[in-house]
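The values are calculated or read from the model by the stated rules, or taken from the named source; none is laboratory data. All figures in this text were calculated on a predicted structure; none of them were measured in a lab. Here Cβ is always computed from backbone atoms with ideal geometry, including for glycine, and neighbour counts include all displayed protein chains.
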Amino acid sequence: MYRIPEQNLDRLFSLTAEKSKLYIPADTAAGTAQFMPWKEGLKLTDAHNTVRSAKDFFFPQTENLVGFRVEGKSIEVIDVREETEDFVVFGVRACDVRSFSILDKVFLADPVDTYYKNRREHGTILSLACNMPEETCFCGTFGIDCAAPGGDVQMWQTDGWFYLEPLTEKGNAYIDTVSSLLEECGGEAAAECRRAIDAVKKKLPLAGLTTEGFGGDKMAELFDSEKWGELAEACLGCGTCTFVCPTCQCYDIRDFNTGHGISRFRCWDSCMYSDFTKMSAGQPRLTQLERFRQRFMHKLVYFPANNDGEFGCVGCGRCLSKCPISMNIVKVMKNLTEGDQ
Amino acid sequence: MQEIMKKRASELLLDGTVSRVIGWKAGDFVYDITPAVFESAEEIEKDFVYTAFCGANLSKYLVKESKKPGKTLVFLKPCDSYSFAQLVKEHRVNRDSVYAVAVECRGKADVDKIRDCGVKGICGISEENGTLTVDTVYGDKTLPLSEVMLEKCASCKTRKHAVYDELLGEEGEEVADCDRFGKVRELESMTPEERYEFWRGELSRCIRCNACRNVCPACTCEKCVFDNDNSGIAQKAAADSFEENMFHIIRAFHVAGRCTDCGECTRVCPQKIPLHLLNRKFIKDINELYGDYQAGADPDTRPPLTDFRTTDAEPSIVYRRGEK
Amino acid sequence: MNNETLIPQIVTVADVRIDTPDVKTFRVLTPDGKKPFLHKPGQCAMLSVPGVGEAMFSITSSPTNTEYMEFSIKKCGCLTNWLHALEVGQQLTIRGPYGNGFPVDTELKGKDLLFIAGGIGLAPLRSVINYCRHYRDRYGSIDIVYGSRSKDDLVDYQEIISEWCGTEGVNVHLTIDREQEGWDGHVGFVPNYVKELNPDVSKTVLMCGPPIMIKFTLAGLKELGFKETQVYTTMELRMKCGVGKCGRCNIGNKYVCKDGPVFRFDQLDELPDEY
């Protein structure tokens, strides 16, 4: 275990940024928190979490996949991939850290998505324990401990100090690069901080939410539930939940004529959109009910069915605070299992 | 107010005047209210709420619900009633199948603004005489409602309804000291470069979730140009920053003259982009060029942008490029 | 560096055959004149015209064809309209192969096979039919029931008449929806024709066609005593990546691009009815 006083945080950022790109959660002019490249004077946000999740680092909203030069009848393929630079992300919450392992199960499964893998290999994750979780937090439901957030280095902020514990080789390497600012210490203060967080966790309003009633073996009964109609009724069919979600990873591939050639890019897509499954030949999900159901079935049933029971949600609470009509996965889970024992 | 509304909705459902009620449904934390369709007095009794967090404008749901058999009751706050009137005017909603109940409103709260005051872990909120008491995981806090109102309520133009079949509570007045164009004037006084920087900064946060479009009562196209692959400009994400701007600018143009300034776009934006400013700029320009006009205020007048008169001002003459 | 599945290779259209008023068959080769990659019968590939779009098509040529690859494509959308307008020599991009294909080397081996196709639904089956004709001794009898709206809409008509009909142990049963001048074959819809033919219930069925044909034919087969475990079909849903990651072609937890497109009906039965 290592530690650094809070007042030296800027020096830590500065030293980190000398070696590689550094991102920290900070406030935008509008007061929304988001991960930003650190520069002199940028301060850590007071907000509990960022509006956009940390998935952007590995799976950006838009990225060029490949280019084409088209001349007459002939086409030339242009590989536009570049090796990613090393980067460090400071202050990732436990929920987002877990989301990476969920994304890994999709993008690193055979055949490997090399765009994702490239970024994943170059990123070092410094996680930060949640001293003051929000009422919308329910990571505990999915077995995530916000008091021990994981990643390459896990951190606690308490009594004017940041405590750092490296967990991986990448984490050790990071500690080496900034060791001149750190002092070695025992684990008591971090352990005390964990105990304090554990006490807070019990008081969270969603502490009692369980995954009972969900999972890969519940496909037929949940799909056929009569409650989807009522749940999806007010859904606007926007993509807010999808785009703020750290585990939503569906994407679209589109071509863009740059005027100098064709750029084929990938961008986030949402199963909530009406054209998501629309083909020239037909549309299997005709109304918002089917689209809405797909999103939640994917996280609560299909994903665990394909991934040894792991759910596709990390309980970060972003959809709870951002859905324009305040419909979200917690309401869906509660409603679907209402009356069950 | 909530109890009066529940009682009236139940009566109208029970006596068969209406077949369904569009209202607001309670959530888990007081502030997370969901628009909902209620079809029985039992459902109303169980879940219907009308609180300081019922900011959602229910009028757009009528596009779908008013096509169902029987009458649909909708509760409309003053600003919502303008959206409703505009939807009727545009033949998106059949007036005869709607039973519009006007409800009084003194402004709705924005939970994000409560959070911006440093309040974390909100478990419950109660309102009494304009004061919110917030019960959190980390202790109680009190806040004046006036300081945490939704933007649309902080700049409320009127508390008087445009149209209704029945009024519950007291009808309000126009807000005399409303200065909803203040920020627009501020933007107008900037240099083009400053203004460009301002909008680039704001719009760069856009995640193209389409919440603003999908919630907008003026956005009722069956197939939006941005969803139509055949349009050639269908986009789910910006391929470059130019497109990021264009989505919002095209949308603002398309609702110009029809936007009632209901403020839903800004309310729902997950990235807090002040989208209402684009619409208000158009409203202000229209007012200045063609005389004061409020979309949705009445069922008959033709909107200035679809009503050509030989006396119409030529915008490029009125505003010389770059000066204003 | 190029082991990324989303980056396609180039192929040149070497031949375009007009099959029906709205179906053309495209023969593609790599720029140096080779078959782009190996595949199994029933697998698919992503074809694209940069700037127009990319879509999944089943590979209609047989894996036993070592010289080239063919796709029979019906004109029905933006990309397919473009493809129908192209000339020989045009280059396209291709990536694949994708999907599971029909279990020709396992479950189908030694079985009497009954192919049932409607319209463009013959395209994915043609690959299997020609594969089974090539390895004729590995399979029992082969019956092919194929129907379309009219004689002019029968895809691969020339090949059916000149090659399939002459293969030992292969019986072809053609039908068209309505009477037509110059047609002395069977007239009637595929589901009814299958019932009339009253095939032996020991056969294994491979079926592809419009959803309405599949629905009624499956019901008819069940009436005849066939079990869902004996009937295979191949599915089509919207796809973007082809490798089970972009998230749109799922039926329940199965991705058509990766776990399909070939499913047995008992497997589909376990999945939500959303296709």
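In table form, for the structure just shown:
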item	result
Identity of the residue in region C:234-248, more than 16 Å from C:L47 (Cβ to Cβ) and within 18 Å of the chain's Cα centre (by Cα), that ends up modelled with the lowest pLDDT	C:L237
Wholly enclosed strands (runs of 3 or more DSSP E) of region A:68-165 bearing at least 2 residues surrounded by fewer than 17 Cβ atoms within 10 Å (Cβ to Cβ) and either within 14 Å of chain C (Cβ to nearest Cβ) or modelled with pLDDT of 95 or more (or both)	A:74-78
Hey, C:N192 polar (S, T, N, Q) and under 21 Å from the mean Cα position of the chain (by Cα) or not	no
Within region A:1-47, strands (runs of 3 or more DSSP E) holding 3 or more residues that are within 12 Å of another protein chain (Cβ to nearest Cβ) and free of Cβ contacts under 8 Å to residues at least 24 places away in the same chain	A:33-37
Residues satisfying the stated conditions in region B:112-132, i.e. closer than 23 Å to A:A207 by Cα, β-branched (V, I, T) and not in a loop (DSSP other than H, G, I, E, B)	B:I114, B:I122, B:I125
Pairs where the first residue, in region A:54-79, is over 25 Å from A:G123 (Cβ atoms) and outside the structural domain of A:F243 (by TED's automatic domain parsing) and the second is exposed (fewer than 14 other Cβ atoms within 10 Å of the Cβ) and among the acidic types (D, E), C-beta under 6 Å, 6+ apart	A:R69/A:E76
Subset of region C:69-93 (residues that are buried (at least 18 other Cβ atoms within 10 Å of the Cβ) and either away from chain A (no Cβ under 11 Å) or out of contact with any strand residue (DSSP E or B) (no Cβ under 9 Å at 6 or more places or on another chain) (or both))	C:M69, C:E70, C:F71, C:S72, C:I73, C:L83
Answer residue from region A:259-300, given it is buried (at least 21 other Cβ atoms within 10 Å of the Cβ) and among the polar types (S, T, N, Q) and is modelled with the highest pLDDT among those	A:Q294
In region C:251-275, the residues that are of a type in the set (A, V, I, L, M) and touching a strand residue (DSSP E or B) at 6+ places or on another chain (Cβ under 7 Å)	C:V262, C:L271
Extreme residue, surrounded by the most Cβ atoms within 10 Å (Cβ to Cβ), among residues of region A:177-217 that are touching a Leu at 6+ places or on another chain (Cβ under 8 Å) and in a helix (DSSP H, G or I)	A:V178
Complete set of residues in region C:224-275 that are closer than 30 Å to C:N198 by Cα and assigned to a loop (DSSP other than H, G, I, E, B)	C:G225, C:F226, C:K227, C:M235, C:E236, C:G260, C:P261, C:E270, C:L271, C:D273, C:Y275
Members of region A:243-298 that are over 30 Å from A:E71 (Cα atoms), without any contact (Cβ under 8 Å) to a residue 24 or more places away in the chain, within 7 Å of chain C (Cβ to nearest Cβ) and in contact with a Cys (Cβ under 7 Å, 6 or more places away or on another chain)	A:A281
Selection status of C:T25, in a loop (DSSP other than H, G, I, E, B), more than 12 Å from chain A (Cβ to nearest Cβ), closer than 15 Å to C:N130 by Cβ and not small (G, A, S)	no
Odd one out for A:F162 among (1) in contact (Cβ under 8 Å) with a residue 40 or more places away in the chain; (2) within 30 Å of A:Q294 (Cβ to Cβ)	(2)
Flag if C:H39 is in contact (Cβ under 8 Å) with a residue 12 or more places away in the chain and under 22 Å from B:N230 (Cβ atoms)	no
Residue count, region C:101-123 (criterion: under 16 Å from C:F263 (Cα atoms) and within 14 Å of chain A (Cβ to nearest Cβ))	1
Any hit, region A:213-225, residues being away from every other protein chain (no Cβ under 14 Å) and either more than 25 Å from the chain's Cα centre (by Cα) or among the β-branched types (V, I, T) (or both)	no
Criterion violated by B:C54 - all others in (1) under 13 Å from the mean Cα position of the chain (by Cα); (2) in a helix (DSSP H, G or I) satisfied	(2)
Of residues in region B:1-48 being part of a loop (DSSP other than H, G, I, E, B) and over 23 Å from the mean Cα position of the chain (by Cα), the one nearest to the other protein chains (Cβ to nearest Cβ)	B:D28
Filter pass, B:L289 being without any contact (Cβ under 8 Å) to a residue 60 or more places away in the chain, crowded, with 21+ Cβ neighbours inside 10 Å and not in a loop (DSSP other than H, G, I, E, B)	no
Among residues of region A:299-316, those that are more than 9 Å from chain C (Cβ to nearest Cβ) and of a type in the set (A, V, I, L, M), counted	2
Counted residues, region B:68-77 - those being more than 28 Å from B:G107 (Cβ to Cβ) and either of a type in the set (F, W, Y) or within 14 Å of another protein chain (Cβ to nearest Cβ) (or both)	1
Helices (runs of 4 or more DSSP H) (entirely within region B:162-249) containing at least 1 residues that are under 22 Å from A:C267 (Cβ atoms)	B:192-203, B:211-215
Which listed residue, of C:D152, C:D184, is over 15 Å from C:F115 (Cβ atoms), surrounded by fewer than 18 Cβ atoms within 10 Å (Cβ to Cβ) and in contact (Cβ under 8 Å) with a residue 12 or more places away in the chain	C:D152
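Yes or no, residue by residue, for (1) under 25 Å from C:K195 (Cβ atoms); (2) at pLDDT 90 or above; (3) assigned by TED's automatic domain parsing to the domain that holds C:V201:
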site	(1), (2), (3)
C:I142	yes, yes, yes
C:D152	no, yes, yes
C:Y157	yes, no, yes
C:V170	yes, yes, yes
C:I176	yes, yes, yes
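Residue by residue, here is whether (1) in the same structural domain as B:S83 (by TED's automatic domain parsing); (2) at pLDDT 95 or above; (3) basic (K, R) holds:
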residue: B:C216; (1), (2), (3): no, yes, no
residue: B:D285; (1), (2), (3): no, no, no
residue: B:P299; (1), (2), (3): no, no, no
residue: B:R302; (1), (2), (3): no, no, yes
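The rows are residues; the columns are (1) of a type outside the set (A, V, I, L, M, F, W, C); (2) surrounded by 14 or more Cβ atoms within 10 Å (Cβ to Cβ); (3) not assigned by TED's automatic domain parsing to the domain that holds B:V98.
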residue: B:D15; (1), (2), (3): yes, no, no
residue: B:V18; (1), (2), (3): no, yes, no
residue: B:V21; (1), (2), (3): no, yes, no
residue: B:K25; (1), (2), (3): yes, yes, no
residue: B:Y31; (1), (2), (3): yes, yes, no
residue: B:S40; (1), (2), (3): yes, no, no
residue: B:E43; (1), (2), (3): yes, yes, no
residue: B:V49; (1), (2), (3): no, yes, no
